[in-house]
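Have a look at the structure below, then the notes.
The values are calculated or read from the model by the stated rules, or taken from the named source; none is laboratory data. What you see is a predicted model, and the numbers here were worked out from it, not measured in a lab. Methodologically, a virtual Cβ is constructed for each residue, glycine included, from the backbone with ideal geometry; neighbour enumeration extends over all protein chains shown. Heads up: the accessible areas ignore ligands, DNA and RNA and are worked out on the full protein's heavy atoms, side chains in. Shrake-Rupley method; radii C 1.70, N 1.55, O 1.52, S 1.80 Å.
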Amino acid sequence: MTPAPTDFIAIGEQSLIERTKPWSVSPADFFKRSERVRSLAAQVMECAPTAVAIVPSVSYGVATAARNLPIQKGQMIITLAQEFPSNYYGWDRLAKDRGAELLMVPGPPEQDWTEAILEFLHEHGPRTALLAIPHVHWSTGAMLDLPRIRDAARHHGAALFLDLTQSLGALPISLSEIDPDFAVAAGYKWLFGPYSLGYLYVSPRWQRGIPLEENWIVRAGADDFSQLVAYQSDYQPGARRFDMGERSNFQLMPLAERALEMILDWQIDEIAQSLAAINSRLADILHRHGFETTPHQWRSPHLMAARSSAHKASDIAARLKDEKIFVSNRGDWIRIAPHLWIDDQDEAHLDEALGRL
């Protein structure tokens, strides 16, 4: 999780003060901030606000897509080896329920996943109904070429589901251009948002689908509280029908709004370039100390992994933690995910700490 910006403290405090006076909440307040957050998320995703649903998690987005995609008996769902579990379990359930087959593109997590997927599609394309893949592999930062994969999926008539959790907010992406069927991102990582709020992109071709929940706020006319029991069969337009229940969350929405405003103010292109420079310098330090890193030619600008033949990854992570340097242990790799607060002193500290290994 990214650290919360310091002004989150005041924002959170204010939302809790308001919670002590629920009579001050108007019907319009159930809609205004969530629509503002939807619009900001759409700017980050580079798509229409009507294509964005507000969801609590990646697994919720997977379940929504699984409910609507017409996977049939004998067809195949393809994901990656060592993919994050939220982008696996839901498809495993769908395959079992429909008599389909879930296959994982094999290989180590640091490989060129784009070529591996294209080769896999060449072999299994006719039976492939769905590609469920990330933009960036969560354990090593290996980045996928989404336009090439999208073209290959279309060639074989396969749907495309994207998990953008490890890239949205740190890498520019245009979902209007890539046009996946569904794409989801948890909001608490590179988007700086609170836990339990995320964003689901739904292509216009699926926006008349079936939501997971039938909650009141997504129905036509829901803003008129005097008529809530005049039950409506129509939904609000676009992807809003897929919103989670209680989406108005008055404690979390202000934090999500501020986080998205901050990301857009920093400009995602600028974030990506700055993080690429930081990671390039960190990779140089790691290489000097005998570490192998995710190959540069397919490494994302903002996220990478490293390993050493001389030390176990878990031991390295523990030793660095003692030095107040925090990395993640992912298999035989340590994952390194700096952000814009990393400065020259931090880089020098890492250099010295690795030297003490």
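Structure above, values below:
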{"item": "Scope the range 187-198; condition within 17 Å of Val136 (Cα to Cα) and open to solvent by 10 Å² or more (accessible area, probe 1.4 Å); matching residues", "result": "Tyr188, Lys189, Trp190"}
{"item": "Lone qualifier among Gly221, Gly209 - being farther than 29 Å from Arg19 by Cβ and assigned to a loop (DSSP other than H, G, I, E, B)", "result": "Gly209"}
{"item": "Filter pass, Leu354 being touching a residue at least 60 places away in the same chain (Cβ under 8 Å), within 25 Å of His137 (Cβ to Cβ) and touching a Phe, Trp or Tyr at 6+ places or on another chain (Cβ under 8 Å)", "result": "yes"}
{"item": "Condition met for Arg281 (assigned to a loop (DSSP other than H, G, I, E, B) and surrounded by 12 or more Cβ atoms within 10 Å (Cβ to Cβ))", "result": "no"}
{"item": "Enumeration of residues in the range 15-35 that are open to solvent by 60 Å² or more (accessible area, probe 1.4 Å), in a helix (DSSP H, G or I) and within 30 Å of Gln236 (Cα to Cα)", "result": "Leu16, Glu18, Arg19, Pro22, Trp23, Ser24, Lys32, Arg33"}
{"item": "Selection status of Ala239, touching a strand residue (DSSP E or B) at 6+ places or on another chain (Cβ under 6 Å) and more than 30 Å from Pro338 (Cβ to Cβ)", "result": "yes"}
{"item": "Evaluation of Pro126 against (1) touching a Lys or Arg at 6+ places or on another chain (Cβ under 6 Å); (2) open to solvent by 50 Å² or more (accessible area, probe 1.4 Å) (one fails), failing number", "result": "(1)"}
{"item": "Filtered residues of the range 151-179 (kept if among the charged types (D, E, K, R) and buried (at least 19 other Cβ atoms within 10 Å of the Cβ))", "result": "Asp163"}
{"item": "Residues located in the range 99-110, provided they are free of Cβ contacts under 8 Å to residues at least 40 places away in the same chain, buried (at least 19 other Cβ atoms within 10 Å of the Cβ) and under 23 Å from Glu292 (Cβ atoms)", "result": "Val105"}
{"item": "Failed criterion for Asp7 (all others in (1) at pLDDT 95 or above; (2) open to solvent by 50 Å² or more (accessible area, probe 1.4 Å); (3) acidic (Asp, Glu) hold)", "result": "(1)"}
{"item": "Within the range 224-277, considering residues that are open to solvent by 70 Å² or more (accessible area, probe 1.4 Å) and small (Gly, Ala, Ser), the one nearest to Phe182 (Cα to Cα)", "result": "Ser233"}
{"item": "Condition check for Leu354: part of a helix (DSSP H, G or I) and over 26 Å from Gly187 (Cα atoms)", "result": "yes"}
{"item": "Cβ-Cβ under 6 Å pairs, at least 6 apart or on other chains, the range 69-98 side in contact (Cβ under 8 Å) with a residue 60 or more places away in the chain, far side of a type in the set (Ser, Thr, Tyr) and open to solvent by 10 Å² or more (accessible area, probe 1.4 Å)", "result": "Ser86/Ser59"}
